[in-house]
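Working notes, beginning with the structure itself.
The values are calculated or read from the model by the stated rules, or taken from the named source; none is laboratory data. Note that the coordinates shown come from a computational prediction; the quantities given were computed from them, not determined experimentally. Please note: Cβ atoms are built from the backbone with ideal geometry, for glycine as well, and neighbour counts cover all protein chains shown. Ligands, DNA and RNA are stripped out before the accessible areas are found, and what is left, the full protein with its side chains, is counted by its heavy atoms. Shrake-Rupley method; radii C 1.70, N 1.55, O 1.52, S 1.80 Å.
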Amino acid sequence: MSTDQLHSEVPSSDPFALFDVWFKEARETEINDSNAMALATSTPDGAPSVRMVLLKGHGPDGFTFYTNAESRKGGEIRANAQAALLFHWKSLRRQIRIEGPLSEVAPDVADAYFHSRSRDSQLGAVASDQSRPLPERARFVERFAEAEKRFEGKQVERPAHWTGFTITPQAFEFWLDRPNRLHDRRRFVRDGEGWNDQLLYP
């Protein structure tokens, strides 16, 4: 074993600052959707589900995404406001896991992000009953056309059920690929205003 394998390459530091470093590098190297993340939620009795969403804001307050709160994920969040995120940047051979409770963003924040989207994306959000049964594709297209007509010449109104959620991290885990599967893993757990961290076996 070479001597460079003897020491971790995942520093013991502020996990938010480390996330910023890795995310910046991912935005420079990932071909598509460097802000894509797997979001895991569960029902009150613990049945899990997971899907890909896009990170739309992050900072000391947490990590924010937007969705239809009447979707399956929205219903699970309302019933059990705990979630986990996973970023996987294959080109960098890195992963970050984040766990914590969720809170809904303020209406003015949801409005601002909604109206920053393309007009067609706004209309699509109005037209979609996300996660609910759709009799045929044509019905969704018809509803999109109806929304176009309803909001012609005026601002698209954000549906009240279309909103954002922020996960406040209680734990981070940073994973870095190393040769021969001798990977680096460091877990950070919130401790009051600070963090405790610990290396983990891969």
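(1) -0.49, -0.71, -1.31; (2) -0.61, -0.81, -1.20; (3) -0.50, -0.70, -1.17: which one is log10 I(q)/I(0) by the Debye sum over Cα atoms at q = 0.11, 0.13, 0.17 Å⁻¹ as calculated from this entry? So the calculated entry is the one marked (2).
What dipole magnitude, in Debye to the nearest 20, does the chain give about its Cα centre under +1 on Lys/Arg Cβ and -1 on Asp/Glu Cβ?
Details: 27 positive and 30 negative charges, 115 e Å.
The dipole of the chain has a size of about 560 debye.
On the accessible surface of the chain, probed at 1.4 Å, how many percent belong to carbon and sulfur atoms? Before the final figure, lay out each step's value.
On the way: 5810 of 11740 Å².
Heavy-atom surface of the chain belonging to carbon and sulfur, 1.4 Å probe: 50 percent.
Would you mind telling me which residue in Pro133, Pro15, Pro159 has the biggest mean-square fluctuation in a Gaussian network model of the chain, where springs connect alpha carbons within a distance under 10 angstrom? Taking springs between Cα atoms under 10 Å, the residue moving most is Pro133.
Between 0 and 90 degrees, the angle of helix 15-29 with respect to the longest Cα principal axis of the chain falls at about 70 degrees. Derived scalar couplings between HN and Hα for the stretch 42-58 equal 8, 6, x, 8, x, 6, x, 8, 9, 7, 8, 9, 10, 5, 10, x, 7 Hz in order, rounded to whole Hz, by the Karplus curve 6.51 cos²θ - 1.76 cosθ + 1.60 (θ = phi - 60°), x for Gly and Pro.
All other residues whose Cβ lies under 15 angstrom from that of Pro107 are scored, Lys and Arg at +1 and Asp and Glu at -1, for a net of -3.
Accessible surface for the chain, divided over its residues, is 58 Å² per residue with a 1.4 Å probe.
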